[in-house]
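In what follows, a single structure is set out as structure tokens and then discussed.
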Amino acid sequence: MKDNIRTRVKEQVAGRTGASWEDRLQQQKAVKVQAMKMIEKEQKERIKAATEKGIEKQQVYSPLVALRSAPLLSVAEKQAQKLEERKQEMSEKIRSYAVLRNRILEKMRTRDPLFKVEDVSAAKELLAEGRRKRQEELQNEEKKRWEHLEDCAAKGVQKRAALFDLHNSPSFDERLAKRVEIKTAELKELEKVQKERIRDAVEVGHSKSQQASPLLGCLRNPPDNAERQKEILEERQRHMALVAKEYIKKRDEMLYRQQTRTPLFSCDEVEDAQLQLEEAARKRKKEMKDEMLKQKQHINELQQKALARPLMMEAKYGIMA
């Protein structure tokens, strides 16, 4: 009776207040344990499947499968097999080396030169344009100097010091020779600088070619191609000899043109100009002398007239001289 009452009271209290904290904890524990068992089962199945798949892949893709399935060979057979593989590898390398060598030789034959024809033509045109401008500047300067000489010659009649300095100044031939000497020295210095620049560019190009060349390994361990190197060396020497002859020929032609070129003003023209200037100076001097004589005569006439005319005081007081 008491147990029945106690049980009914518990049921009534549980129906009104709900399950106790311990009961709810046990329920949550049971649910969590069930979920963890399901996760553990799933993980074990996944691990088992991954292990079986790994074993299958190992049997299929393992490098030891070929060794296991390969027949047992003797040492001589293994050496012969390795020798055949090495021969095939060497033949493949020889073919690739020949292709690479032909490509490099073709690139060397068809590479752009250090100085293109267009660049040289443009440089020649610039030099010709600079020469033409320099000639125009010299002509203008000479014209101004001739004008200055004419002015000095006109003023020299009145100023002996200026005329003396003009006649004792350097002649046109002396000034021309001095200018030619200065210009020749400048051209030699420019040629020297250009040669040094070309030599530096060639050395830099050789160093870069040696550093970036794919044949650097072959050059360190060169093959036995002495005959080919000898032919290439002979051909290069012949080419260099032809280039040197062509350069010497062009240089001689240029020097001959410089030595035999016609000057801007010949000696006859300069002499004629000097004679004309001297004739003009003499005429001017003669004209000035005539003018001076006329002025002196006029002054003398005025003095005579002034002395012949009576003074104003004499005329006023009747005093006669």
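Approximating the spin labels as points 7 Å out from Cα along Cα→Cβ, the E186-to-L233 distance works out to 4.6 nm. The stretch between A177 and T51, if pulled fully straight at 0.36 nm per residue, gains 35.1 nm over its current Cα-Cα span.
In the context of the full protein assembly, I47 retains an accessible surface of approximately 110 Å², using a probe radius of 1.4 Å and ignoring ligands and nucleic acids. Extending 7 Å from the Cα toward the beta-carbon at both K124 and E11 defines two label points whose distance is 12.6 nm.
Considering only protein heavy atoms, with the full assembly of protein chains and a 1.4 angstrom probe, order C267, C152 by accessible area, largest first. If you can, show how the numbers build up before the last one.
Values: C267 75, C152 35 Å².
Ranked list, largest accessible area first: C267, C152.
Using heavy atoms of the protein chains and a probe of 1.4 Å, the accessible area assigned to M36 is about 120 Å².
At the residue level, L149 shows approximately 50 square angstrom of accessible surface with a 1.4 angstrom probe and all protein chains present. Other residues lying with their Cβ under 14 Å from the Cβ of K37 contribute a combined charge of +1, Lys and Arg counting +1, Asp and Glu -1. Near Q276, once Lys and Arg are set to +1 and Asp and Glu to -1 for all other residues with Cβ below 13 Å from its Cβ, the sum equals -4.
Principal axis analysis of the Cα atoms in segment 28-120 yields extents of 97, 56, 12 Å, listed in decreasing size.
Note on Q135 and L100: with the Förster distance fixed at 45 Å, the Cβ-Cβ geometry gives a FRET efficiency of about 0.20.
The values are calculated or read from the model by the stated rules, or taken from the named source; none is laboratory data. Here the structure is a predicted model, which means the values were calculated and not measured. Neighbour counts run over all protein chains shown; Cβ positions are idealised from the backbone, glycine included. Only protein heavy atoms, including side chains, enter the accessible area calculation; ligands, DNA and RNA are left aside. Shrake-Rupley method; radii C 1.70, N 1.55, O 1.52, S 1.80 Å.
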